[in-house]
Structures are given as C-alpha cells and as structure tokens.
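Notes follow the structure.
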There are 6 protein chains.
Amino acid sequence: MTSSSSFSRFDGRAQDQMRAVKITRGFTSNPAGSVLVEFGNTRVMCTASVELGVPRFKRDSGEGWLTAEYAMLPAATAERNRRESMAGKVKGRTHEISRLIGRSLRAAVDLSQLGENTIAIDCDVLQADGGTRTASITGAYVALADAIKVLQERGVVPGSPLLAPVAAVSVGLVDGNVCLDLPYEEDSRADVDLNVVMTEHGEFVEIQGTGEETTFTRAQLNDMLDYAEKGCRELVAAQKAALGI
Amino acid sequence: MTSSSSFSRFDGRAQDQMRAVKITRGFTSNPAGSVLVEFGNTRVMCTASVELGVPRFKRDSGEGWLTAEYAMLPAATAERNRRESMAGKVKGRTHEISRLIGRSLRAAVDLSQLGENTIAIDCDVLQADGGTRTASITGAYVALADAIKVLQERGVVPGSPLLAPVAAVSVGLVDGNVCLDLPYEEDSRADVDLNVVMTEHGEFVEIQGTGEETTFTRAQLNDMLDYAEKGCRELVAAQKAALGI
Amino acid sequence: MTSSSSFSRFDGRAQDQMRAVKITRGFTSNPAGSVLVEFGNTRVMCTASVELGVPRFKRDSGEGWLTAEYAMLPAATAERNRRESMAGKVKGRTHEISRLIGRSLRAAVDLSQLGENTIAIDCDVLQADGGTRTASITGAYVALADAIKVLQERGVVPGSPLLAPVAAVSVGLVDGNVCLDLPYEEDSRADVDLNVVMTEHGEFVEIQGTGEETTFTRAQLNDMLDYAEKGCRELVAAQKAALGI
Amino acid sequence: MTSSSSFSRFDGRAQDQMRAVKITRGFTSNPAGSVLVEFGNTRVMCTASVELGVPRFKRDSGEGWLTAEYAMLPAATAERNRRESMAGKVKGRTHEISRLIGRSLRAAVDLSQLGENTIAIDCDVLQADGGTRTASITGAYVALADAIKVLQERGVVPGSPLLAPVAAVSVGLVDGNVCLDLPYEEDSRADVDLNVVMTEHGEFVEIQGTGEETTFTRAQLNDMLDYAEKGCRELVAAQKAALGI
Amino acid sequence: MTSSSSFSRFDGRAQDQMRAVKITRGFTSNPAGSVLVEFGNTRVMCTASVELGVPRFKRDSGEGWLTAEYAMLPAATAERNRRESMAGKVKGRTHEISRLIGRSLRAAVDLSQLGENTIAIDCDVLQADGGTRTASITGAYVALADAIKVLQERGVVPGSPLLAPVAAVSVGLVDGNVCLDLPYEEDSRADVDLNVVMTEHGEFVEIQGTGEETTFTRAQLNDMLDYAEKGCRELVAAQKAALGI
Amino acid sequence: MTSSSSFSRFDGRAQDQMRAVKITRGFTSNPAGSVLVEFGNTRVMCTASVELGVPRFKRDSGEGWLTAEYAMLPAATAERNRRESMAGKVKGRTHEISRLIGRSLRAAVDLSQLGENTIAIDCDVLQADGGTRTASITGAYVALADAIKVLQERGVVPGSPLLAPVAAVSVGLVDGNVCLDLPYEEDSRADVDLNVVMTEHGEFVEIQGTGEETTFTRAQLNDMLDYAEKGCRELVAAQKAALGI
C-alpha cells in the first residue's frame, strides 16, 4: 500500500478510516423521503419527492423515472458562494454532480416496477467540508427507500422497485498517500481525487478519478479502489442501520 | 375585536396566539452567523456572511451595506416546487421577499458603523408552513447579531452597528376573524394577509397588507395591527433570550 | 396631525393636496382599453387587452383571469435606465410593482362574471416623477372599464364583471411631515413611503408602507392613512368623471 | 411605372402619396431630445439620451458613439404581443431593427465632433400600423438634433456633430402595384417590401428589400426607388419644418 | 463604371471577378443534405435536416416550413470570437443573418409541395474571410436540393417543392471602386457593403445595402447591382455543376 | 478476458481493435493550432487559440491557463439536435465534457512555462458516431502542440510548456463483452461505458466509468483498463506520427 510511515492525517484518522457518518431520517416532513446525512462536518439534506407522470421520453413506456438535482446553499462554504438562481446560470460543476447522483440512484431502483411515476431527488448542501457528492448519494438512497415505502403504502407503486443499497465515497492521494473520505482541507491539496459509487454487493456503479495536478498509476488506482470498497461497505452498513434492515 | 364566539382555529390556538417559536444559534459553522428559526412547522436557515467591500453605489462612502436573498428549497413545500436556478428565472415572489428582508434588516444596522463591509443575509426555507418571510426576518436578526459580534472580535467593524431587534409576524382575516401567525392551512384561505415588521420599541419598519379575495376596513386593520404588535413583542423576547441579552 | 407650521412643499402644494390629475381615454386604438394617466409630470400609458382563454391553473374553472405588467421606458427617468429586455433580466422592483397592480385590479373585477377570458393590463411609464405605481393602478382601472364595455358589446363577456373603482396614492413622511402624492424630489428623500390602494367605498385593497431610513409610529401611520383616504376619494372622482359615470 | 389603372388603395391615397406625417418635439422632458413621430396611425416615441463616456471599443479614441434600441410596447399591435423582457429573449426582428436604426443615425452624426460621449436613441412604438422602423429613423433624427443642441449649450460637445437630415420610408409591391409608405393592411399582403434610408441630398444610407412571397425585377426595383426618393424628400421637409430650419 | 485606372485589388482579381468557388456535396453523412461551400478562404458547412411536423403557426395548413440558423465557430475568425451558447446570448448580427438565410431559401422552395414537414438549414462557418452570409445561402441551396431529393425518394414529400436556384454575393465600394465578392481585408475597409440574393432568372430575392461610413448614389447602386448580377449568374452555374443538372 | 467465443462486433472489428484514426493538421488557418480528428465516422474539429492574459484567479501568478469548450453542431447527430445558443441553455452533458477536456489537456501543459497567456481549446463535432469526447481530447493535444510551437516561434511563450502526449479512448461492455472504441451503434446499447485519458507513459489522467443500466465488477474494470491502455498507446503513436516526432 502506498503510504509513508511518517504520514499522519490532520484530523488524526487512519488513512483508511471514514469520518463519523450520521444519517437522520424524517429530517423534514413534506417530501416522501427526507434525510440529513453527515460525513464529519459535511451536511446534506437529501429528499425524495414523488411526481405523478414521467418526462416525455418515458411516456407510455409503463416505466417510471428518477431525476436528481444538487445544489450548494450560498453559506455552505467557508467563503460564501454566489446563489446560482441569482447569477442566472448553473455552474458546470453543479450540472456534473446532479447528473452523477441521478445515474447512481437509478442503479438503485427498478424503473419497470415504479409505474409511470417520477422520483425527484434533491440534495442541498447545508454545510460543505469535502465529499458533498458522495454524502449526497449515500443519503439519497435512504430518502429514496423511505419514499418508495410511502408510495407502496399509498398503493401508487405497483411493484417492489427498490434495489440493493448504493453508497459513495471519495479517496485521494495526499502527498502520495492514499486517504479515504477527504475533508476539504485534504481535498484541496490532493493530487488525485477518486469518487466511487458501489452497490451493497461490491459492484461498481460509477468511478470517476481525476488527477489534474498530476497523474496516477495503475497500482495507485488499485490501492484507492481497495480503500473505496472498504468505505462503501461501512456506508452501506450505516444505511441499513438507519433503515432498520 | 372582530371575532365570532364560535370560531376556533384548526390547531386549537387562541386567535392572538403565536405558534411555538424556536431559535437555534450556530446551526452551521461556516458563516459568521447561522440560525435555524422555527415558527411551528416552518423552518428557515438564516445566515449572515461577511464580504469585504461594498457594491459600486456605496464605494468610497465610508459606509457598509446589507443585502438579503430568500429562497425555498424544492422539497420545502407540500408539493415539490421547481428549483429556480434550473428554471432559469427567479420568481417575482422570491424577489419581493428578498427585497423585504433586506429593507427590514437594514433597519437593524447602522451602516455608518460597519466600515466598507457587506453583510449578506441568506434565508433558505427548509420546510414551509406559512409565515416563511416573517420567520426569515426574525431569525435573520439573530444571525446578524452573531455576525456583527464576530466582526467586532476580529476588529473588522470599527463601531457598534447593531441596532434594536427587528421582528416580523403575519396576521390575517380567516372567515372574518383576526388571527395571528397563520400556518399554511389558514393562510391559503385567508381573505386578508398582513405582514408587519416592527422594532423592539413598537415602531413599524414595514407593513404590507393585501386582500386579494376581498377588501378590509380601517377597523379591521386596527385589530390586525394590535395582534401584530403583540406577536412582535413576543418574538423580540425570543430573540433576546436566544442571544442571552 | 404631524406637521410643523414652517414646512412648505417645494412645489407649493398643501400637505394633503394631490398633484394635477389627468386621465385621457382612447389614448391608442388597438387595445380594448387605452388610457394615458398623469399625476403631475408622471405619465403612464395603461392598456387593457383581452386574450381568449385563461392560464393553466384557471382552465375549466369557468372563470376568467387578470394579469398585469409594469415597465419603465428607458428614457422615462432623469437618467436613462437600462432596457430590461436587453439586460436579460427583469428587476425585482419591476416584478414587485407588476404583482401589486395585478392584485389591485383583480379586486376591481368579478372573475366569475368574465367567462374564460384573460385581461392583460400593461402599464408603461413614459415619464417618471414619483408615484408611477399608484398612477398605474388608477389609470388601469379606467382602461379596464373600457375594455369590459367593449367585451360586453361584442358579447364575449357573459356577465357584469366590473366592480367599484379602485385607486391608489402614495403618502410619505418628508422631514417628519406627512405629505400626499410625492413627486420624485420628495420621494427620494422621504423617510417613510406608504402606498395605499382603496376602493370607492373607502376599504383597503392593499397597503404597503416602508421606512428604510427610519421607522414610523402608529400615530404617524394613522395620519398617513387619513391623507391617503382623501387622495383616493379624489382619484375615484377623477376616474368617474373620465368614464362619465 | 408598374401600376394598373384599376388599382386603388384601401385608404384612398395615390400610390406615391405618404400618410399624414406629424412630428412633435418635446414629447417628454427627461431626455435631451424627445419626439413623438406619427406616420398615419403609427406612433413612435423617439428619444435621444446622453451618456458620458463611450463603449470599450471606442475608449481613448477621442470620438463619441451612438447606439439605438427599438421596441414595441405590448399593446401597440392589433393583437397584444408578448413583452420581451418577460419572455426572457429579444426577438431577431427587434435586434435587426435596432441595428438598422443605429447605423442610419450614425450616418447623421460626425462622431469625431462629439467628444467621448454616447448618444442612446430609444424608439418605443406606442401604436403600430406599418412602417414603424422608418418612422423611428425619421423621428429619431429630430430627437438627435435636439439632444445635440442641448449638449452644445451645456458645453459638453466640443464641435458641430450634426450632419444633414436622414429620413426613411417603406415602399412595396401590392398586387403588383408600387405603393409608398405601407400601412399594416397593405404591408401584410405585399409581395415585396423595401425600406430606404436617405439623406437630405438624395444619397442612400441603407436599402433593404425583400420579397419572401415572390421575387422582383430590376425595373420594379427602380420604380420603388423613385417612390422612396419622393417620400424621403417630403420627410426631410417635415423634419426641417419641425426643427424650424 | 466607377473605377480608377490605377486601382488594383490586393489579391490581384479583376473588380468584377469572384474568388474561387468550390461546392462539395456529401460533406457529412447524417443530415439529408450536407455541403461544404468555399468562397476563397471562407468555408461554411451547410446542412439541410428534415423534421416531421411544422411550427404552430403552420399547423393544419397542409404546407411545410423552412428555418435557418447561422453561426460562427469560435475559431473561425482571425481573433477567436466568444461562443454564443456560453455567453448566454445570441448576437444581433447572428439573428439578422439567420433570418436572411431563412427568407432567401424559402424563395427556393414551394412550401405547399412539401407536406407538413420542416427543413432546418444550418450554416456553420468553419473559417471566415468575408462573405460568410452569401456563401451560406449559395451552399444551402445545394444542401436543400439534396435533402429534397432524399425526401422524395423516401416518399415523404408529396410534390416537387424545389424551385429555381438561389445564390447570393456581396459587392462593395472600396476606395470608391466597385468590387465583387469582398474578402475580409476589403470588407473591413469598404465604404459600402451590398448583399444581393438572386434567382437563376436574374430576379431579386433580397437586397441589403449599407454605407455606415459614407453614403452612396443611385449611379453607384446601379454599378454594384450589375456586378452582383454577374456574380450570381456564375454562382448558379457552380450550383448546377455541383448538382449535375 | 470477459468475452464469448460467439460474439462479433457489427463492423467486424476485433474486441480490442480501434476504428481507423486520422489526424489532419492545419485543417483551418486562423487559429494557432487546427486539427481535424477522425475516429471512424466521428469527426471533430479541434482548435487551439491563444489569448493574451489570464482569467482573474490566475492574474499576477506568472502562470498561464488553458480552457476548453466542446460543442456538437446541430446536424452532427443522426437526428438534428437543437442549437444550444438558440435554446438559451447549455446542456449538462456539454458542460461535463468541456470540463473533462480542459482538465485532460491541462495535464499536457506546464502552465508555469506558458507566461500569462491563455490557450482556448475548441472541440466542435462535425459528425458524431460515438467517442466524440475521446476523439476531442486526442485531437486537441495535436492542436495544442501546434499552437505552442507557433507561440514559441513568435517569442510569446518563454519556456517549453508542452508535456508528454495525452490521448483518450472509450471502452465498454456490450452484451457482456469488453469492446474498445465504441461507435454509436454499440455505445447506445452498452451496459458500461468507460472513458480513459492516459499519458504517453501509461499513467492515468482521468478515468470515468458508468454503468447506468447495470453494474460492473472489479474484474471487468481490469479488463476494460487493459483494453484502454492498448488503445491509448496506439493513439499516442498516431499523434506522434501526425506531429512528425
């Protein structure tokens, strides 16, 4: 494993250790599913709302759909970031993360069992300290599970659309050392940043690795994937504990 | 007082009774001031961030400035509302409320004591059940007070810009009965809706009354203002309790 | 009454005196109703156009609808203001006033008597000298009356939707003195600005009072409302004279 | 000349006859130049405002600049047209006409004599009955002349930037007959529509001819240009009469 | 003819000589018609795509429609120009040219023979060296012809909608000399710029002449039209050769 | 290796075989670097333009910057796609790919050797048949190399900023079989899609793998990475051959 004996993380964690993870269900009461997820100081409100009908491209398919939108509250970051609605344009980064969350959650739902209904996932970051996209995916799965339960109870959903849990975590290379679940302090100076979305069964839903400042080798990738697998396994356990399953 | 002996509110409150009010300071840690304010089921995250410098029209004035932005999270309402950044346009209602909050809070700060700094207030509604604008103003004052304290401690603010507390409440005519602090269930069928912003000293900062479905008399206005005064007095007490002053 | 014996208005008017009001019907010929309204040097073209059908939320209700849009021509102000269509964004102030005009005029029409038709009010300020929103509302009522007469003659409107006249005026506190119908010169240095929309019968449709620079007492509010009532009574008389009723 | 003995215009005019032209100076008082121009029922408010400084591409050139914006009020047309600021996009037709007016008026001003000032022309159509762009150019010249006089009196403009009058008129082929100054009724069924901008000296500033429904021959073009020359000569006379020169 | 014996063009061409014209059919394979047109160094990709159905204003008319969009690739010009999609607004110039191309090509097609189908013309400038709008029109006709052939083969188009060829060329006054088909070097310093769209039969579809820096006489216009006629005749020959007709 | 003996690709290629790759330098002449890259039927025009100065966040850093924009011409796809400038909004997919290209190319340039200059990469897809983002990156490197050479010749660039070649390729799982360089026909029905950006030295710059319809195992990922490495090696060879190095 790529690591130097002298390296220590600024918050004292082991290199393969997650931050404290907390998942609070029923955070708000209007949406069918509402979860506050915390990865250390990162806090995201994840909701799953149900809308009757499906977008045009799914009409008359007999299947449902799932969309996702991610946003950062203006005061979530250390320095206030401009509200996108007022700026009049949505940042590329926001689009990118919204699309990632949508794809990841669609891997957790069997659309053919959903009827012609749409589930709208919203992930709004209340406080940002690195890993907002991975926390969003992890929390959104729990909100999704709650929403589907509501739909089933109301008789809206004909089948059993919920699939195995999906969770996500980031891994990075910090000063050449593989580290799991980077907070902002590490993320901002990491050479490589890898986000991994996995199912309960250890299969990949999505991997996105980037090394803008530097490049990374196949061996480093393998080390990072090992850490990610460990992290996702723990996150799925937290999801299941929260859901009481 | 305009009221029928047989009238009773759906949640059992007296006509001049506020919902439970809760003000939580330090709700998040990045902005200088961060407050969660609750009026019953209405929950708003109010933050006060500090930005160096002032907008162009205030440059070289030696004074500071304060702006405010209000927004509703998509899942805050009973039915999901479309995210304004994605819709590409900000609703008139949002603009209207943002401007109201800005004007109200500027009445609570002496800009000449602020130095050439800007305080950005953000009020993001996590859960909406009527009275989101009045809760926003009430909570934002507390966030503002915290932010100014931080600025003073850091030596950024030269003077003592914080003025007397400002709070806001809604009053309405429901089936001809004056009611204080309307939740959504009452608000949606009220004939008249009056929002009042007041200082600790019982002076008006802003009043906005509208009777789209009907009109209202001078006598009804006077009754509503009496209720509003009572509500604001209680809200100021809650603000001061939260601030420990 | 709050006034100092030594106070005199820059244009010589008494404190409770309106500027010269002029209402010209048939100002243009394409819309069903077209009025030029003048409050002193403030001149607004108010039109009422009829569109078949109603917005989605009113469809199949059997009722009609009324919308309003307000705009300032670029050269209306002392210093040219940027054209909103070219700037690509509509100012919050414009949204706010458009919404106020719409609510106010809906109080002058019985939508259930209108059939599924929409009346579109447009208020375009040709020359601005304070009070553009109150002049707009006052003139728009006359344009509305003309439009409804045309609709009735054409047999489009089944019933008698026109209700009692609605007029609007501004009152302010200038150097501590209550003044009626403020021109720009007074408005720009007023401590408090109150806009009042009233029916012919002296009932309120809307009141909006703001004191950004200062606050105002209940007693001052009462004085201002007295002046506003007087102003609206005179404006309704002018509307009726113009309509020959 | 292309004409059939049996052809007669719906308003009784001769084929080479202009509609009644009326130019009212001082229509509003805020801008340096303000003109209401009428070609029959077409009425356009043309203003010339002065802004200190020039756009970036002219900075430090020692020269001035002139821009123009054209817009149609929503109620100007027989059927209400949507307000471009609310639609969120400016129509291609609007851009096209704004650019035409700008180029045409720049031919009437010696930018090197203007100092580093910008003249902003606004042409807002109050009532549309064909020929709005040609009426705009014709009226805007008069507003420009007034604005330059004001600038000279104030000592802002160092030289004598005003050049010879520029006027514009439309000509068309209606049922194969050349007609001058088309109202909407003719314009909407014309086969060819030619707009000509000319100086007092009979030279062309701009010609734009289009025959979407059909094509036109060189001979027809020549006939149309003869009529246009007559029309522009008369319009320049009207401009000079209005300006008292 | 307006010309001085001593004048010579910077690329050695005679004043009435076109640049080398090249028309390549089948430039790409997805759209029904795809052409690369070159006027010297100006290169435009012109495509004609077919979309089922027609815009709302043509619905149930039994007729088809044709639209056109023009754009400049960012790197087409000597200095990179900003991508309009990223800038968030389409330039007036782009709108103007798109509309010109649309009108010109509609003169080459009998919409009543097209069935309720829409042909979308796209002209994307790969390399710009003056005359991009005239090259676009000339190339687009060939793409249109190919698309209509495809539609006829597929049995989509009921009739024979293709009309006689339409081509376009620019003429200008350079230092007082009439010149045909201006490259950027001449265009940027020309006093007058005239774009002419003609049919195979020498009839005008559109003429647009502008002299921002100066004006032009009727005699100069006549000389320019003679040159344009010669240019268009040669372009139609090139179109026919490319189409093998 | 995951493959079934009976599987064969619709175009007859071996599973680990690239499509024909063609790189044409000097495709247009205005930008400093201009390349047409072809991966089979996918054709992308890649240009590198130089702009003096750097964005605000890099000012006074002594370093340069590189940005990238990707776009699809409307007629590039089988069915015409709407032009983003006219739609008024840029799709999330476009943003995502533009950002990917930018990050990838920044790995090929030493910004500290560039001086305070910005290189703007534009990748415009003329014809799309799968793999447009990977072809864009591969072609853009060659355009970048040409642009830097020009800059060095002109003396604009002080150092040697060009780093080792960077190329990109897609790999996918089609009916459970790993396939290299997917055309649209395979891409649209692939279970997993992995895009890999690598340097000449076999190190990763970026990996993005997604399995919306399904998930993928670590073993499948390893097989896909092996194929990608082979593909990138061949692409770098093609880049070097094109550059004559």
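The values are calculated or read from the model by the stated rules, or taken from the named source; none is laboratory data. Source: prediction; values computed, not measured. Neighbour counts run over all protein chains shown; Cβ positions are idealised from the backbone, glycine included. In case anyone asks, the SASA skips ligands and DNA or RNA and just uses the protein heavy atoms, side chains included. Shrake-Rupley method; radii C 1.70, N 1.55, O 1.52, S 1.80 Å.
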D:Ala168 among the aliphatic types (A, V, I, L, M), closer than 26 Å to E:Val192 by Cα, touching a helix residue (DSSP H, G or I) at 6+ places or on another chain (Cβ under 9 Å) and open to solvent by 10 Å² or more (accessible area, probe 1.4 Å): no
Among residues of region F:66-77 being within 7 Å of another protein chain (Cβ to nearest Cβ) and open to solvent by 20 Å² or more (accessible area, probe 1.4 Å), the residue farthest from the chain's Cα centre (by Cα) is F:Thr77
Of (1) out of contact with any Gly (no Cβ under 9 Å at 6 or more places or on another chain); (2) surrounded by 16 or more Cβ atoms within 10 Å (Cβ to Cβ); (3) at pLDDT 95 or above, D:Val174 fails just (3)
Of the residues in region F:42-62, those that are farther than 13 Å from F:Ala147 by Cβ and within 15 Å of the chain's Cα centre (by Cα) number 4
Residue count, region E:41-53, condition more than 10 Å from every other protein chain (Cβ to nearest Cβ) and either free of Cβ contacts under 8 Å to residues at least 12 places away in the same chain or in contact with a helix residue (DSSP H, G or I) (Cβ under 9 Å, 6 or more places away or on another chain) (or both), comes to 2
Exception for B:Thr94 within (1) facing chain C (nearest Cβ under 10 Å); (2) in contact with an Asp or Glu (Cβ under 6 Å, 6 or more places away or on another chain) falls at (2)
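Mind telling me which of the residues B:Arg80, B:Arg99 ends up being without any contact (Cβ under 8 Å) to a residue 40 or more places away in the chain, open to solvent by 20 Å² or more (accessible area, probe 1.4 Å), farther than 20 Å from B:Tyr141 by Cα and at the interface with another protein chain (Cβ under 10 Å from one of its Cβ atoms)? Before you say what the answer is, go through the steps one by one.
Numbers: B:Arg99 fails: farther than 20 Å from B:Tyr141 by Cα.
Result of the check over B:Arg80, B:Arg99: B:Arg80.
Would you be able to tell me the number of residues in region E:21-40 that are β-branched (Val, Ile, Thr) and at the interface with another protein chain (Cβ under 7 Å from one of its Cβ atoms)?
1
Can you confirm whether C:Val156 is surrounded by fewer than 17 Cβ atoms within 10 Å (Cβ to Cβ) and either hydrophobic (A, V, I, L, M, F, W, C) or farther than 20 Å from D:Glu79 by Cα (or both)? It would help to see each step written out before you state the result.
Values: surrounded by fewer than 17 Cβ atoms within 10 Å (Cβ to Cβ): yes; either hydrophobic (A, V, I, L, M, F, W, C) or farther than 20 Å from D:Glu79 by Cα (or both): yes.
When the stated conditions are applied, C:Val156 passes them.
Among the residues that make up region A:53-62, is at least one of them under 22 Å from B:Ser49 (Cα atoms) and of a type in the set (Ser, Thr, Tyr)? Please lay out each step first, then the result.
Within region A:53-62, the subset under 22 Å from B:Ser49 (Cα atoms) is none.
Checking region A:53-62: not a single residue is under 22 Å from B:Ser49 (Cα atoms) and of a type in the set (Ser, Thr, Tyr).
This table checks each residue for (1) small (Gly, Ala, Ser); (2) open to solvent by less than 30 Å² (accessible area, probe 1.4 Å).
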site: D:Ala147; (1), (2): yes, yes
site: D:Leu163; (1), (2): no, no
site: D:Asp193; (1), (2): no, no
site: D:Thr199; (1), (2): no, yes
site: D:Glu206; (1), (2): no, yes
site: D:Thr214; (1), (2): no, no
Of the residues in region A:109-125, those that are buried (at least 24 other Cβ atoms within 10 Å of the Cβ) and either more than 14 Å from the chain's Cα centre (by Cα) or more than 20 Å from B:Arg80 (Cβ to Cβ) (or both) come to A:Leu114, A:Ile119
Looking across region E:216-228 at residues that are touching a Phe, Trp or Tyr at 6+ places or on another chain (Cβ under 9 Å) and open to solvent by 20 Å² or more (accessible area, probe 1.4 Å), the single one that is nearest to E:Val169 (Cα to Cα) is E:Gln220
Turns out the strands (runs of 3 or more DSSP E) fully within region E:1-58 with at least 2 residues that are open to solvent by 30 Å² or more (accessible area, probe 1.4 Å) and β-branched (Val, Ile, Thr) are E:21-25
The number of residues in region A:102-121 that are facing chain F (nearest Cβ under 8 Å), over 15 Å from A:Ser49 (Cα atoms) and of a type outside the set (Gly, Ala, Ser) is 1
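Could we say that A:Phe57 is free of Cβ contacts under 8 Å to residues at least 60 places away in the same chain and more than 14 Å from chain B (Cβ to nearest Cβ) here?
Values: free of Cβ contacts under 8 Å to residues at least 60 places away in the same chain: yes; more than 14 Å from chain B (Cβ to nearest Cβ): yes.
Yes; evaluated as a whole, the condition is true for this residue.
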Exactly one of B:Arg93, B:Arg106 is out of contact with any Gly (no Cβ under 9 Å at 6 or more places or on another chain), open to solvent by 30 Å² or more (accessible area, probe 1.4 Å) and within 14 Å of B:Thr132 (Cα to Cα), and that residue is B:Arg93
